[in-house]
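Taken together, the values in this text are just the output of simple stated rules run on the coordinates, not laboratory data. All values derive from a computational prediction rather than experimental measurement. Here the Cβ is made from the backbone with ideal geometry for all residues, glycine too, and neighbour counts use every protein chain on show.
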Amino acid sequence: MSKSLLIDTMLFEVSPQQIDESISDNSGKLIVSGVLQRAESKNQNGRVYPREILMREAKKYTKEFINQKRAMGELDHPESAVVNLKNVSHNVSEMWWEGQNLLGKVEVLSTPAGNILKELFKAGIKLGISSRGMGSVSESSEGDTVEVQKDFELIAFDFVSNPSTHGAFMHPMNESVNYNTNENLREDGSVCDKWCKTESIISDILTGV
């Protein structure tokens, strides 16, 4: 079977308190932790990652990337098996298991993409975190799921705006946007939705406002 690029997103939650405490305790750095991937569970792409394969790749990723401080990831869904340095926004500094969940600690970097990611977090924008890898899949006998095969190779974890797994969002808890308030109105009187706010934040960062 030929390998293809496999991208799947998992739930990664961060509270406003964690953001504030991290920035205060780490000299302005934002370091967050949460679920990176889940074993033996079907996602919305219909894929299942066997625990044995994820454990092998997590161990390899820790040795070859995390321990060498080069476990970098990008902002948005790259369509490549190579991590593009100009788009790097964060670095995974640690990984561990809790049941079937693979968790990790992530440092948001002071790169252009990292600054955008940090501001999105602070604004309470919902994001997802995706595992990116190369591998093949095999369809189950029932035809409703596909299982990732032993040739799978983990490449990186990326932050994205369109999670593929049910409930797979990264977001500060207890923060919500009230779309009925005046601060969420455009100059023409129309409602500024969450994408409008995201675009505004990115524009401010890029223009230095």
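Some observations on this one:
- The stretch between E98 and K59, if pulled fully straight at 0.36 nm per residue, gains 12.6 nm over its current Cα-Cα span.
- Couplings 3J(HN,Hα) for segment 20-35, derived from phi with the Karplus relation 6.51 cos²θ - 1.76 cosθ + 1.60 (θ = phi - 60°), are 4, 5, 5, 5, 6, 7, 10, 6, x, 7, 9, 10, 10, 9, x, 6 Hz, where x marks Gly and Pro.
- This ranking places L5, L36, L30 by how few other beta-carbon atoms lie within 10 Å of each, fewest first, which gives L5, L30, L36.
- Sites K86 and R51, calculated FRET efficiency, Cβ-Cβ separation with R0 30 Å, nearest 0.05: 0.30
- In plain terms, the residue of S4, S22, S41 with the fewest other Cβ atoms within 10 Å comes first and the most crowded comes last, giving S4, S41, S22.
- Three semi-axes of the equivalent ellipsoid, segment 85-166, Cα gyration tensor, whole Å, largest first: 28, 15, 13
- Out-of-range pairs (alpha-carbon distance over 32 Å; input K63/K86; K29/K150; K3/K29; K3/K122; K42/K118): K29/K150; K3/K29; K3/K122
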